[in-house]
Amino acid sequence: MATAGKVIKCKAAIAWGPKQPLTIEDIEVAPPKAHEVRVKIVATGICRSDDHVLSGAISDMKFPAILGHEGAGIVESVGEGVKNIKPGDKVIPLFVPQCGECRSCTNSRSNLCDKHDIGPYIGLLLDKTSRITCNGKPVYNFLSTSTFTEYTVLDEICVAKIDDNAPLDKVCLIGCGFSTGYGSAVKTAKVEPGSSCAVFGLGGVGLSVLIGCKVAGAAKIIGVDTNPDKFAKAKELGATECINPNDYKEPIHEVLAKMSDGGLDYTFECIGNTKVMVKKCGYALYLCALLKRSTLTPLYGTTIYSKNSTT
Ligand SMILES: NC(=O)c1ccc[n+]([C@@H]2O[C@H](COP(=O)([O-])OP(=O)(O)OC[C@H]3O[C@@H](n4cnc5c(N)ncnc54)[C@H](O)[C@@H]3O)[C@@H](O)[C@H]2O)c1
Ligand SMILES: [Zn+2]
Ligand SMILES: [Zn+2]
């Protein structure tokens, strides 16, 4: 492409710090170095984890930064040594890299590549530098990706090539919310046909859990949210019923126990609220949340309670 090898001037939403608004700024995006790719971002979702940075719940970020990690785009140029991706390819940025070589990548029971930047946040490419500047000053990335920008540079291992016909405005959700939620139900919890499930929080992650529970053949899928505007979409995607905790006097886990003949087979926390997480609503509780590390150890779509566990 005509821009290959040159600095690209474009726009990005810059985060200046917690509790400060994003502002649209002119930025400069340097060409990719070895084993990096420069991507024109076509679509991006907004995940609650981006908001956790802005609210201060994720508190060890460096600023200024470009947030966003749920995007899709087209490769503009590649650095030296990039073999499997070429300009023009449609791609999804990966906030969990896949180096293919580390102890996690080579272990079928884990995929949290050692080269991830899911805290402590370094906010730089693997060579510990940034390709993006704003007013001449380096800008940090978020979760190895940064998608709230017209162009971004990623390490080669943080990019997945996708089908040329994929609609980027839809598949961007696979970059975070969909894979987190669907994977929690189908891969981590391994929801069984005929089982009963509750999903707390009906945002991007929770709705994706619902889809996973439905595909797995769950018979009862209860959506739980304090915002009833979420219920119509949840029912469209697979919830058999939806409830608002604010409509009940008793604690919601007691309500759910009554609705499920004593307890649910699977419950999923998709809010990011640790108080909800420690209420045990069934036999098993699966986390789909990026936790504030000062409160609990983060678990990414990982079981914290199982049928054999008491804690
Ligand atoms: N891989 C990961 O670890 C990963 C990936 C994506 C998102 N997350 C985390 O998962 C959580 C959900 O993300 P999202 O993008 O779907 O968020 P979201 O804001 O789109 O959805 C959250 C939903 O929870 C509801 N809610 C809030 N408080 C509630 C309460 N007390 N009881 C019931 N419902 C309540 C809200 O009304 C909303 O519908 C966030 O904490 C996010 O950081 C983690
Ligand atoms: Zn996310
Ligand atoms: Zn790896």
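The values are calculated or read from the model by the stated rules, or taken from the named source; none is laboratory data. Computed from a prediction, not measured in an experiment: that's the story for all the values here. Here the Cβ is made from the backbone with ideal geometry for all residues, glycine too, and neighbour counts use every protein chain on show.
Table for the structure above
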{"item": "Count of segment 63-110 residues which are among the basic types (Lys, Arg) and under 19 Å from Leu168 (Cβ atoms)", "result": "2"}
{"item": "Answer residue from segment 92-136, given it is of a type in the set (Val, Ile, Thr) and within 22 Å of Lys6 (Cβ to Cβ) and is surrounded by the fewest Cβ atoms within 10 Å (Cβ to Cβ) among those", "result": "Thr129"}
{"item": "Of residues in segment 53-69 being buried (at least 17 other Cβ atoms within 10 Å of the Cβ), in a loop (DSSP other than H, G, I, E, B) and of a type in the set (Gly, Ala, Ser), the one modelled with the lowest pLDDT", "result": "Ala57"}
{"item": "Number of positions in segment 71-116 that are of a type outside the set (Val, Ile, Thr), within 16 Å of ligand 2 (Cβ to nearest atom) and in a loop (DSSP other than H, G, I, E, B)", "result": "6"}
{"item": "Qualifying residue in segment 154-166 (condition: away from ligand 1 (no atom under 15 Å from the Cβ) and more than 18 Å from Ile85 (Cβ to Cβ))", "result": "no"}
{"item": "Yes/no for Asp26 being out of contact with any helix residue (DSSP H, G or I) (no Cβ under 8 Å at 6 or more places or on another chain), away from ligand 3 (no atom under 16 Å from the Cβ) and assigned by TED's automatic domain parsing to the domain that holds Glu150", "result": "yes"}
{"item": "Test for Ala43: is it in contact with a helix residue (DSSP H, G or I) (Cβ under 7 Å, 6 or more places away or on another chain), assigned to a strand (DSSP E or B), of a type outside the set (Phe, Trp, Tyr) and more than 16 Å from ligand 3 (Cβ to nearest atom)", "result": "yes"}
{"item": "Test: residue in segment 9-30 that is over 17 Å from Ser146 (Cα atoms) and of a type in the set (A, V, I, L, M, F, W, C)", "result": "no"}
{"item": "Residue within segment 97-107 that is away from ligand 1 (no atom under 16 Å from the Cβ), at pLDDT 95 or above, of a type in the set (Lys, Arg) and in contact with a strand residue (DSSP E or B) (Cβ under 7 Å, 6 or more places away or on another chain) present", "result": "no"}
{"item": "Pairs with Cβ under 8 Å, 6+ apart, first in segment 98-115 and on the phi < 0 side of the Ramachandran plot, second aliphatic (A, V, I, L, M) and within 8 Å of ligand 3 (Cβ to nearest atom)", "result": "Gln98/Ile157; Cys99/Ile157; Cys113/Ile157; Lys115/Ile157"}
{"item": "Those residues of segment 1-52 which are more than 30 Å from Gly181 (Cα to Cα), modelled with pLDDT of 95 or more and among the small types (Gly, Ala, Ser), in sequence order", "result": "Ala4, Gly5, Ala30, Ala34"}
{"item": "Looking only at segment 1-14, and only at residues there that are touching a residue at least 60 places away in the same chain (Cβ under 8 Å) and not β-branched (Val, Ile, Thr), the one that is surrounded by the most Cβ atoms within 10 Å (Cβ to Cβ)", "result": "Ala12"}
{"item": "Test: residue in segment 157-166 that is closer than 24 Å to Leu67 by Cα, more than 16 Å from ligand 2 (Cβ to nearest atom) and part of a helix (DSSP H, G or I)", "result": "yes"}
{"item": "Residue count, segment 17-45 (criterion: surrounded by fewer than 16 Cβ atoms within 10 Å (Cβ to Cβ) and of a type in the set (A, V, I, L, M))", "result": "2"}
{"item": "Filtered residues of segment 136-159 (kept if of a type outside the set (D, E, K, R), under 10 Å from Ile27 (Cα atoms) and in contact (Cβ under 8 Å) with a residue 12 or more places away in the chain)", "result": "Val139, Thr149, Tyr151"}
